[in-house]
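Step one of this worksheet: look at the structure below.
The values are calculated or read from the model by the stated rules, or taken from the named source; none is laboratory data. Just so it is clear, the model here is predicted, and its values are computed rather than measured. Virtual Cβ from ideal backbone geometry, glycine too; neighbours counted across all protein chains shown.
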Amino acid sequence: MKDESREMNNLEKVPVTILTGFLGSGKTTLLNRILTEEHGKRIAVIENEFGEVGIDQGLVINADEEVFEMSNGCICCTVRGDLIRVLGNLMKRRDKFDYVLVETTGLADPGPVAQTFFMDDEIRDEFTLDGIVTLVDAAHIDQQLGRSEESSEQIAFADVLVLNKSDLVSDESLDQLESRLREMNRMAKILRTERGNVPVDTVLNLSAFDLDQALEKRPTFLEPEYPFEWTGVYWLSAGRYELSLQEGPDPNMSLVVLANQSTEEESLHEGAEWCVRQFAESPQPLRPTEVVPLNKHVDLQLETEGQKSFFLEIEQPMFVGLFAQHTAEEFDIKLFAKTGESLPLSAERTWVAQHEHDDEVTSIAIERDGDVDIQQLNDWLNQLLAEKGVDIFRLKGFISIADDPRRFVFQGVHMLIDSQPERLWGEMPRKNQLVFIGRNLDEEAITAGFDRCLVH
């Protein structure tokens, strides 16, 4: 009866598959297979990338208007609002698709993106989470599990585990790996393959995601994560107020000042959910002495030493809520009336995020016009990978090789690199786009090394 009810409730909703897996596991390869196979589904794809420059959309076959890209780096607390916005925009063109596939960055914990389909009322009414498919790089998973908590979370949350690149390891090693994966996730179906070559019906239309099981794996699953740490609520009469901040751990701080924010716990959560969407929008930079607009995402510039002051202008009496990226204690946040009196808090709330990032993992984006000398590029990459290969999780992008009319797709994982000719440059301007993702990367040295490979 439970399954029948679930099926009826989901009948009119759009099914969603989350495609995850650590950097270089083969997600894009599998995605391309799904998009090119005859299965009768019209699929909208949402891509999430790590870094400021988007590469993955160009790697996807038939990357037309139904491929949406988010370059925020990690689908978690900081991107939930962006995902909600993209899904909302998708529903405006509901007649163009009947399935959604979300490909997460290789550094994403799939828990928060799955949470989105249960925490937001509008999204829950329109979409149903069909399943989570995790690709596992059979050749490198041992290294990844030892160095990244996200890779373990990706496996633990999977409904289907695709053991990719199985041709690169022995049968005995595969058996051992499969046993290890079953210890981490006993419920998931495991498929062995190479180059993402699995039947589409094994990764779509799964009806596999079970909320009860998710809660068993992570009891805090339905506890939302937020891109801010603190909320302070003040009662303000009409007038001008000074927002004062001292030196803190960051040279800037994101902030939303929400009008008409009451002090009740339920209202604080409603305000927090609204601010999630605001934090997904690009912030307006503000310098000291500038006025903070209400209900807008701003970025307070705090580079100067000592006290920094910003101002609020209130036209009518109301409660306002300060939803701040950092806690009040970290910056000694205070609000002063025109008389110089420090105003008391009417309520405050600290938001504790469950998700933590590895700050040592960064991305480097290189974009250069012109062509490269292929021999110099190969020599440089071989030397770079010999010295830093263990710390380079992923390398991907496009290369323009001198005297070759074709655009080359360039991909690498740790010590392995592969390049394939794609399409002719034709009328497109010849340029190079590369993204390096890894730990403790020297951006200046890597950029300079690539520049030496350019044909001048």
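Laid out as a table, the results:
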| item | result |
| --- | --- |
| Hey, L395 at pLDDT below 90 and either out of contact with any strand residue (DSSP E or B) (no Cβ under 9 Å at 6 or more places or on another chain) or not in a strand (DSSP E or B) (or both) or not | no |
| Criterion (acidic (D, E) and either surrounded by fewer than 21 Cβ atoms within 10 Å (Cβ to Cβ) or over 30 Å from S363 (Cα atoms) (or both)) met by exactly one of D137, D121 | D121 |
| Hits in region 123-137 - residues which are part of a strand (DSSP E or B) and of a type in the set (D, E, K, R) | D130, D137 |
| Single match in N205, N197 (criterion: surrounded by fewer than 19 Cβ atoms within 10 Å (Cβ to Cβ), assigned to a loop (DSSP other than H, G, I, E, B) and in contact with a Pro (Cβ under 9 Å, 6 or more places away or on another chain)) | N205 |
| Residue that is surrounded by the fewest Cβ atoms within 10 Å (Cβ to Cβ) [pool: residues in region 261-314 that are among the hydroxyl-bearing types (S, T, Y) and free of Cβ contacts under 8 Å to residues at least 60 places away in the same chain] | S282 |
| Number of positions in region 223-240 that are surrounded by fewer than 17 Cβ atoms within 10 Å (Cβ to Cβ) and either free of Cβ contacts under 8 Å to residues at least 60 places away in the same chain or not aromatic (F, W, Y) (or both) | 5 |
| Unmet requirement for A158, which otherwise passes all of (1) closer than 15 Å to P110 by Cα; (2) part of a loop (DSSP other than H, G, I, E, B); (3) out of contact with any strand residue (DSSP E or B) (no Cβ under 8 Å at 6 or more places or on another chain) | (3) |
